[in-house]
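Some notes on the structure that comes next.
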2 protein chains.
Amino acid sequence: MAERGRLPPREMRWWGWGDPAHHAALPDHALPWLRERVGLDDRVTPPVALERVRLPPAGLPENLRDRLVAIAGADGVRDDRAARVVHAAGKGYPDLVRMRAGDGASAPDAVVLPADHESVAAVLEACARVRVAVVPFGGGTSVVGGVEPLRDGFAAVVTLDVNRIEGLTELDERSQTAVVRAGTRGPALEAALAARGYTLGHFPQSFEFVSVGGCVATRSAGQASSGYGRMDDLVVGLRAVAPAGEVDLPARPASAAGPDLRELLVGSEGTLGVITSAALRVRPRPERTRYEGFMLPSLAAGMEALRALAQQDLAPDVTRLSDEAETEMSLALAGTGGVKGRLARAYLRGRGVEEGCLAIMGWEGDPERLRTRRDEAAAVLGRAGAVALGQGPGRAWEHGRFAAPYLRDELLARGVMVETLETAGQWAGLPDLYRAVGAALAAHAPLVACHVSHVYPTGASLYFTFLARARRGEELDQWRRAKAAATDAIVAAGGTITHHHAVGRDHAPWLPAEVGASGVALLRAAKAELDPEGILNPGKLLAA
Amino acid sequence: MAERGRLPPREMRWWGWGDPAHHAALPDHALPWLRERVGLDDRVTPPVALERVRLPPAGLPENLRDRLVAIAGADGVRDDRAARVVHAAGKGYPDLVRMRAGDGASAPDAVVLPADHESVAAVLEACARVRVAVVPFGGGTSVVGGVEPLRDGFAAVVTLDVNRIEGLTELDERSQTAVVRAGTRGPALEAALAARGYTLGHFPQSFEFVSVGGCVATRSAGQASSGYGRMDDLVVGLRAVAPAGEVDLPARPASAAGPDLRELLVGSEGTLGVITSAALRVRPRPERTRYEGFMLPSLAAGMEALRALAQQDLAPDVTRLSDEAETEMSLALAGTGGVKGRLARAYLRGRGVEEGCLAIMGWEGDPERLRTRRDEAAAVLGRAGAVALGQGPGRAWEHGRFAAPYLRDELLARGVMVETLETAGQWAGLPDLYRAVGAALAAHAPLVACHVSHVYPTGASLYFTFLARARRGEELDQWRRAKAAATDAIVAAGGTITHHHAVGRDHAPWLPAEVGASGVALLRAAKAELDPEGILNPGKLLAA
């Protein structure tokens, strides 16, 4: 456990992203570019002090509090200001806007930290008995309102933080399967697996803070998921507990024993049960990694190249293609100084690439096969007109792969609305989906950028970032309009409402469009069965 | 459609397997071997004549019959003897025993053949109104009692045959996705795809008769599923209709929009709805195929080699490893004469392989990559002590890949109980699972053979065949005891109760052991939502 000292802290700053000790700042050269393209406040507005966050009175029924203390211990039940505030919201733009302004109205009445599966069952039983809502909470990184306590119709709301249910409990090397407790954070899991020579290979941008349970509950995808597979591909078994019982599906490679109930719990977002552990496919740690940049002449050409790679089973483990706007933004915001951006542009011009779309391609594995796969993929990219930029852009991407959320805080402080959203569609419809969502967002934001981040044989995901000058005092309305326009456009163009951010509170109104009335009815029936009082994460996934 | 003349007939012989024009016979040299190892009747007992099959009176309420005729046309509602008998059972051993003996007690009151999705909805509505059970029927190849009409508690039972809902309706070449109607048979689909240069790559042993809807509803796996993926991997969207509504999940490459409801309908075995079409991932037809034989020194060594192949992403598209008993049986029953078996043995002896385990490995794809993959896999096999036998055994396997079910009829006629069952487990537990099931079956059958037929990174399937002298007049009890012993052993050893045969009637008593009480409750809740009267395929998947 000596390594634990190097792991990120378990608790993020309450008003923004990440490690409180880490201070990211936009590079000087980025400010004029942003001012011109988006607009910036001249001065930085800091978040209010923790003491000034407005909180509702903590209203946990006294006998329930006693019961929770009996289950989780005195230090396992917290209703102090710091605990309530840090559990009041996830990390979406509207969450950060509210928290920075000191609006803690959504804070839970208390936070309970059970230590094991059985304690979770006891907490759920105690809360169900008095109809107190329970919000499961892992890393707290949701960007779709997935962990925001909503108390509509409930006397009180408790956040059930799984962070004490932690650790790698079993590593079956022959079956390359690890059993991991739900509260295990990304870096802690990778450290434990690395000590045995393995990796999960799951690296969402939120990697430093995500919990395994949260990843399973939200079908998360990581930056290397084109190679390692999404979290839903990695789950081979799981254990969850609900007010009406528990679901225990042991690790199995495949089965035809009826509907796959694992797929009902995966993605259930805390509404059907609390996932307490998962059996996950792991792989030997790659001997070598190689991340490279390529410049594609256009997004259309790049998409076609990615389609060829995916359909020929040649997709790199990391496959990411930025559109022209994101390519420009990346160069403009490059953190190591404007010199670098200028040098990069000069280099590209020298290679005959005036403009274009930057792709980051990453390979992991044994050196020989990595080389073969890389060369085969590079040949496909070359035929699409790609110019190889070498490993420099790859290393820069690797260096900053988890850093973007820190920059977002800086942008918010400068009065910028910055948000991301994602979808996925079949290849045939992807160009139209891209144009439709881009056009919808362009009406709300002067800067809209996109990348293709995950590829499949039948389609790919699109990940949009959009920036606009925040309208002070109307930030939430402004965001809501942009979000609704984009999601309406996604639905109209046949995309999925979310590729890896999950549904949460933000996408719930569009779930009926995604799965139909019968789909919603099936989810409600499953919930009624496992959670008859409806206490689990109310208002998420299924709109009230 | 000129090719249609070469397709197998759509209706199988009612008392056994396959094309009525195809007459398989055990080779002469096989009889003494079988007589010694298993026991054989001296004379062949033919099935009773169709006219002598005992049928219950057709008891469809007259007004329902009129309604069905209005929906499906006069020729779309059949209650003649031939139609009722051919829809009375699937193709499992107990089904064949009963049908050969003229026991048609399970025949439906009528067979309805709606022509499209809307007509299916109308049939379900009409039947639900008067509480008449409905059994969805595609190719009728179930070996687990999945299509047997059970009338417990219902006034009557109608088989809903989807065979008129047929054809490839859309091929999106850019997304490599085909939309296929449920009644499309394997050969018809492959012919339609081949005309456009594509393949689904799904070849269960029952390929010649399976329907796409049946494959989706049962999570079937094919002989090349180690390469192409199981049916559940190939489904990217589907449409189903239930008495209480319809489920329409368009093709999507991936999504995080909550639980994957596609995985609830896939494998639902006609109990939640009637699947009317599916969007399936297709691939370009392989330029070349190459099937080879390898002899492994032992099953343990072979399993380890397969594990290495699967975990290094080197599994051949067809991966099949027989144990010693199955290897011996294959040589003994080889259809082209005992000379061949003797020659094969002499050849093996010459290569220093006195005994061992035969593996069939198949590669499909472009010639260059096929060669690379083949050589890398052969190197792994070589390190495990495999002796390469060349393409001869591969060609023999390919020639007979869909023929085994015909031999079964011959064995039944000779008084042999012959049955197959399958499971899957994690690699670490696979040797124990193999031993446990083998030991359980050995108490009921003198000949028990097994092969590993599908490999995954975390585990593999085991497919058992067992033969015993049938006890005349007690065949069903004899079978039931062997089946129960094997399934109990599977559950105790941590295997899944079925890898690709589905649950049906035969495995339903063990489903609670597979998915737990909450799992069963979830399935019942889903059924109550979509099929509140419980008319859809009663007694299947969920035991009464």
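Return the residues of region A:240-279 that are in a strand (DSSP E or B), touching a residue at least 12 places away in the same chain (Cβ under 8 Å) and over 22 Å from the mean Cα position of the chain (by Cα); say none if nothing qualifies.
Across region A:240-279, the qualifying residues are A:VAL241, A:ALA242, A:GLY245, A:GLU246, A:VAL247, A:LEU249.
Within region B:382-403, can one find any residue that is closer than 27 Å to B:ASP95 by Cα, at pLDDT 95 or above and part of a helix (DSSP H, G or I)?
Within region B:382-403 (the criterion being closer than 27 Å to B:ASP95 by Cα, at pLDDT 95 or above and part of a helix (DSSP H, G or I)), the answer is no, since none of the residues qualifies.
Are there any helices (runs of 4 or more DSSP H) wholly within region A:70-139 with 3 or more residues that are charged (D, E, K, R) and within 22 Å of the chain's Cα centre (by Cα), and if so which?
Because the criterion is at least 3 residues that are charged (D, E, K, R) and within 22 Å of the chain's Cα centre (by Cα), the helices (runs of 4 or more DSSP H) in region A:70-139 that meet it are A:93-100.
Going by the conditions given, is A:ARG67 within 22 Å of A:VAL241 (Cα to Cα), basic (Lys, Arg) and open to solvent by 20 Å² or more (accessible area, probe 1.4 Å)?
yes
Would you mind telling me which numbered condition in (1) within 12 Å of chain A (Cβ to nearest Cβ); (2) modelled with pLDDT of 95 or more; (3) closer than 30 Å to B:LEU31 by Cα B:SER453 fails?
Here B:SER453 meets the rest and fails (2).
What residue, of A:PRO108, A:PRO57, A:PRO94, is within 23 Å of A:VAL418 (Cβ to Cβ) and of a type outside the set (Val, Ile, Thr)?
Selected residue: A:PRO94, the only one of A:PRO108, A:PRO57, A:PRO94 that is within 23 Å of A:VAL418 (Cβ to Cβ) and of a type outside the set (Val, Ile, Thr).
Considering B:ALA443, B:ALA439, B:ALA404, which residue is surrounded by fewer than 17 Cβ atoms within 10 Å (Cβ to Cβ) and under 19 Å from the mean Cα position of the chain (by Cα)?
B:ALA404
Exactly one of (1) among the hydrophobic types (A, V, I, L, M, F, W, C); (2) open to solvent by 40 Å² or more (accessible area, probe 1.4 Å); (3) more than 30 Å from the chain's Cα centre (by Cα) is unmet by A:ALA384. Its number?
A:ALA384 satisfies all of (1) among the hydrophobic types (A, V, I, L, M, F, W, C); (2) open to solvent by 40 Å² or more (accessible area, probe 1.4 Å); (3) more than 30 Å from the chain's Cα centre (by Cα) except (2).
Kindly indicate whether any position in region B:60-81 is touching a strand residue (DSSP E or B) at 6+ places or on another chain (Cβ under 6 Å) and free of Cβ contacts under 8 Å to residues at least 12 places away in the same chain.
Looking through region B:60-81, at least one residue is touching a strand residue (DSSP E or B) at 6+ places or on another chain (Cβ under 6 Å) and free of Cβ contacts under 8 Å to residues at least 12 places away in the same chain.
Take the residues of region A:14-32 that are at pLDDT 90 or above and surrounded by fewer than 18 Cβ atoms within 10 Å (Cβ to Cβ): which is nearest to A:ALA334 (Cα to Cα)?
Here the answer is A:LEU31.
Suppose we filter A:PRO259, A:PRO253 for residues that are touching a Phe, Trp or Tyr at 6+ places or on another chain (Cβ under 6 Å) and within 8 Å of another protein chain (Cβ to nearest Cβ); which single one remains?
When all the criteria are applied, what remains is A:PRO253.
Please go through region B:43-55 and give me each residue that is open to solvent by less than 70 Å² (accessible area, probe 1.4 Å), of a type outside the set (A, V, I, L, M, F, W, C) and closer than 16 Å to B:TRP14 by Cβ, ordered by number.
Correct list: B:PRO47 only.
Go through region B:139-159 and report how many residues are away from every other protein chain (no Cβ under 14 Å) and either open to solvent by 10 Å² or more (accessible area, probe 1.4 Å) or among the aromatic types (Phe, Trp, Tyr) (or both).
Number of matching residues: 9.
Residues that are out of contact with any Gly (no Cβ under 7 Å at 6 or more places or on another chain), buried (at least 20 other Cβ atoms within 10 Å of the Cβ) and under 30 Å from A:ALA543 (Cα atoms): does region A:160-175 have at least one?
There is at least one residue in region A:160-175 that is out of contact with any Gly (no Cβ under 7 Å at 6 or more places or on another chain), buried (at least 20 other Cβ atoms within 10 Å of the Cβ) and under 30 Å from A:ALA543 (Cα atoms).
Quick one: would you say A:GLU170 is over 25 Å from the mean Cα position of the chain (by Cα), farther than 24 Å from A:ILE71 by Cβ and not β-branched (Val, Ile, Thr)?
yes
Within region B:47-61, is even one residue modelled with pLDDT of 90 or more and closer than 30 Å to B:VAL448 by Cβ?
So far as region B:47-61 goes, yes, one or more of its residues are modelled with pLDDT of 90 or more and closer than 30 Å to B:VAL448 by Cβ.
With the requirement that a residue be surrounded by 24 or more Cβ atoms within 10 Å (Cβ to Cβ) and under 18 Å from the mean Cα position of the chain (by Cα), what does region A:176-199 give you?
Matches in region A:176-199: A:ALA182, A:GLY183, A:THR184, A:GLY186, A:LEU189.
Which members of region B:489-509 meet the condition of being open to solvent by 30 Å² or more (accessible area, probe 1.4 Å), farther than 20 Å from B:SER268 by Cα and more than 8 Å from chain A (Cβ to nearest Cβ)?
Selection gives B:VAL491, B:ALA492, B:ALA493.
Could you check region B:446-464 and list, in sequence order, the residues that are open to solvent by 20 Å² or more (accessible area, probe 1.4 Å) and closer than 18 Å to B:VAL38 by Cα?
B:PRO446, B:VAL448
Considering every residue within region B:510-518, establish whether at least one is within 7 Å of chain A (Cβ to nearest Cβ), of a type in the set (A, V, I, L, M, F, W, C), more than 30 Å from B:ASP323 (Cα to Cα) and without any contact (Cβ under 8 Å) to a residue 24 or more places away in the chain.
The answer is yes, given that some residue of region B:510-518 is within 7 Å of chain A (Cβ to nearest Cβ), of a type in the set (A, V, I, L, M, F, W, C), more than 30 Å from B:ASP323 (Cα to Cα) and without any contact (Cβ under 8 Å) to a residue 24 or more places away in the chain.
Considering region A:280-331 alone, what residues qualify as being within 14 Å of chain B (Cβ to nearest Cβ), assigned to a strand (DSSP E or B) and open to solvent by 10 Å² or more (accessible area, probe 1.4 Å)?
A:ARG281, A:ARG283, A:PRO284
Is region A:442-462 home to any residue that is in a helix (DSSP H, G or I) and farther than 30 Å from A:HIS23 by Cα?
Scanning region A:442-462, I find at least one residue that is in a helix (DSSP H, G or I) and farther than 30 Å from A:HIS23 by Cα, so the answer is yes.
What is the residue count in region B:109-125 for residues that are touching a residue at least 60 places away in the same chain (Cβ under 8 Å), open to solvent by less than 20 Å² (accessible area, probe 1.4 Å) and hydrophobic (A, V, I, L, M, F, W, C)?
Final tally of qualifying residues: 2.
Is it the case that B:ALA486 is open to solvent by less than 10 Å² (accessible area, probe 1.4 Å), on the phi > 0 side of the Ramachandran plot and at pLDDT 95 or above?
The answer is no for B:ALA486.
Quick one: in region B:202-248, of everything that is open to solvent by 20 Å² or more (accessible area, probe 1.4 Å) and among the hydrophobic types (A, V, I, L, M, F, W, C), which residue is nearest to the other protein chains (Cβ to nearest Cβ)?
Per the criteria, the residue is B:ALA244.
Testing A:GLU422 on (1) within 14 Å of chain B (Cβ to nearest Cβ); (2) out of contact with any His (no Cβ under 6 Å at 6 or more places or on another chain), one condition comes back false. Which one is that?
(2)
The values are calculated or read from the model by the stated rules, or taken from the named source; none is laboratory data. Treat the numbers as computed from the prediction; the structure is a model and nothing was measured. Cβ coordinates were reconstructed from backbone atoms using ideal geometry, including for glycine residues, and neighbour counts include every protein chain displayed. Accessible surface is based on the protein model in full, side chains and every heavy atom, while ligands, DNA and RNA are left aside. Shrake-Rupley method; radii C 1.70, N 1.55, O 1.52, S 1.80 Å.
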